[in-house]
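Enquirer: Questions regarding the structure given below will be posed in turn.
The values are calculated or read from the model by the stated rules, or taken from the named source; none is laboratory data. Everything quoted here is computed from the prediction, not taken from an experiment. Heads up, the Cβs are rebuilt from the backbone with ideal geometry, glycines too, and the neighbour counts pull from every protein chain shown.
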Amino acid sequence: MASTDSKAVPDAGSVEAGLDALETTATGRPPFRQTFVNKILPPIVAIAVVLVIWQGLISLKIVTDPTKLPAPSAVWHTLHEAWLQGTLLDYIWTSVSRGLLGFFFALLIGTPLGLLVARVKFVRAAIGPILSGLQSLPSVAWVPPAVIWLGLNNSMMYAVILLGAVPSIANGLVSGVDQVPPLFLRAGRTMGATGLKGTWHIVLPAALPGYVAGLKQGWAFSWRSLMAAEIIASFPDLGVGLGQLLENGRNASDMAMVFEAILLILTVGIAIDLLIFSPLERWVLRSRGLLAKG
């Protein structure tokens, strides 16, 4: 009878082991085939569909004017010529270096500003609505005053990036801090984490998901602001970035060059997101057990 009862009722050790097994998540990397099918193949298929439709519009004579819509082969030829001439990487690096440096400055300003707005009620009441208003203001609106204030130089470019990105970074951090559970703050105070120590060890880690979302949006605003500045404020001493390349194509009525610039701008924006912000976002979600499998 005793042996039957012992088999029917598992001991505490086995129950605990079972619960531990339920909480254990697989940490191994998925096979390449699964990664290819789930992550790599879908965008390749989407790009192929776009190219087929694009070429179909030309081949079926739906669009017959190449000055309105060039063939994909014409755009590829323009890209290939720029590569052979050694100017393609110069276009990309001119804009990417400005964009990343301007975003870095925006990060240095937007992070402490966001913490200040989130933690000080008077500052939030005074500056919070202004930040929200600045975030909704089109970035192109800052180009004329920046040119008047600073002239046609790189400082003007960085000023436009800052004015476009800082509000998004600050508001993202404010949103993240607002979502920190009060229990975390009380627990931190109980353990002596107050002031700057509490901000560094409790508030910032807990607010990280909202902060990362603000960083992604801040980069998007940085890139768009820079393109607007390069399109409007062209000057030989500034070099030719992707925005200036787009404007040169418009001035020359060269739609192949226009599409070349558009594709490069889009490619750089996607590449920065995939190489920097998507891994950062996955790391934050994974560290909190929120990353879905697959």
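Enquirer: Could you give every pair whose Cβ atoms fall below 8 Å, whose first residue belongs to the stretch 58-71 and is under 12 Å from residue 259 (Cβ atoms) and surrounded by 11 or more Cβ atoms within 10 Å (Cβ to Cβ), and whose second residue is at pLDDT below 85 and of a type in the set (Val, Ile, Thr), counting only separations of at least 6 or pairs across chains?
Expert: These pairs meet every condition: 69/63.
Enquirer: Only residues that are touching an Asp or Glu at 6+ places or on another chain (Cβ under 9 Å), in contact (Cβ under 8 Å) with a residue 24 or more places away in the chain and under 15 Å from residue 262 (Cα atoms): list them for the stretch 221-237, please.
Expert: 230
Enquirer: Would you kindly identify the helices (runs of 4 or more DSSP H) lying entirely within the stretch 1-85 that contain at least 2 residues that are modelled with pLDDT under 50?
Expert: Values: elements: 2-8, 12-23, 32-35, 41-59, 72-85.
Fully inside the stretch 1-85 and qualifying: 2-8, 12-23.
Enquirer: Those residues that are farther than 22 Å from residue 205 by Cα and of a type outside the set (Ser, Thr, Tyr), I need them from the stretch 96-122; list them, please.
Expert: If the condition is that a residue be farther than 22 Å from residue 205 by Cα and of a type outside the set (Ser, Thr, Tyr), then 96, 98, 99, 100, 101, 102, 122 are the ones that fit.
Enquirer: Can you name the residue in the stretch 245-257 that is touching a residue at least 60 places away in the same chain (Cβ under 8 Å) and assigned to a helix (DSSP H, G or I) and is also surrounded by the most Cβ atoms within 10 Å (Cβ to Cβ) among such residues?
Expert: Filtering first and then ranking leaves 245.
Enquirer: Looking at 242, 215, 208, 266 in this structure, which one is under 20 Å from residue 109 (Cα atoms), modelled with pLDDT of 90 or more and either touching a strand residue (DSSP E or B) at 6+ places or on another chain (Cβ under 9 Å) or not acidic (Asp, Glu) (or both)? Quick ask: steps written out before the conclusion?
Expert: Values: 242 fails: under 20 Å from residue 109 (Cα atoms); 208 fails: modelled with pLDDT of 90 or more; 266 fails: under 20 Å from residue 109 (Cα atoms).
Being under 20 Å from residue 109 (Cα atoms), modelled with pLDDT of 90 or more and either touching a strand residue (DSSP E or B) at 6+ places or on another chain (Cβ under 9 Å) or not acidic (Asp, Glu) (or both) holds for just one of 242, 215, 208, 266, which is 215.
Enquirer: Let me spell it out: the conditions are (1) farther than 29 Å from residue 214 by Cα; (2) touching a Pro at 6+ places or on another chain (Cβ under 8 Å), and residue 87 meets all of them except one. Which number is the exception?
Expert: (2)
Enquirer: State all residues of the stretch 105-122 that are loosely packed, with under 14 Cβ neighbours inside 10 Å and modelled with pLDDT of 90 or more; if no residue qualifies, say none.
Expert: Correct list: 108, 112, 122.
Enquirer: Which condition does residue 224 not pass, out of (1) in contact with a Phe, Trp or Tyr (Cβ under 9 Å, 6 or more places away or on another chain); (2) part of a helix (DSSP H, G or I), if it passes all the others?
Expert: Unmet condition: (1).
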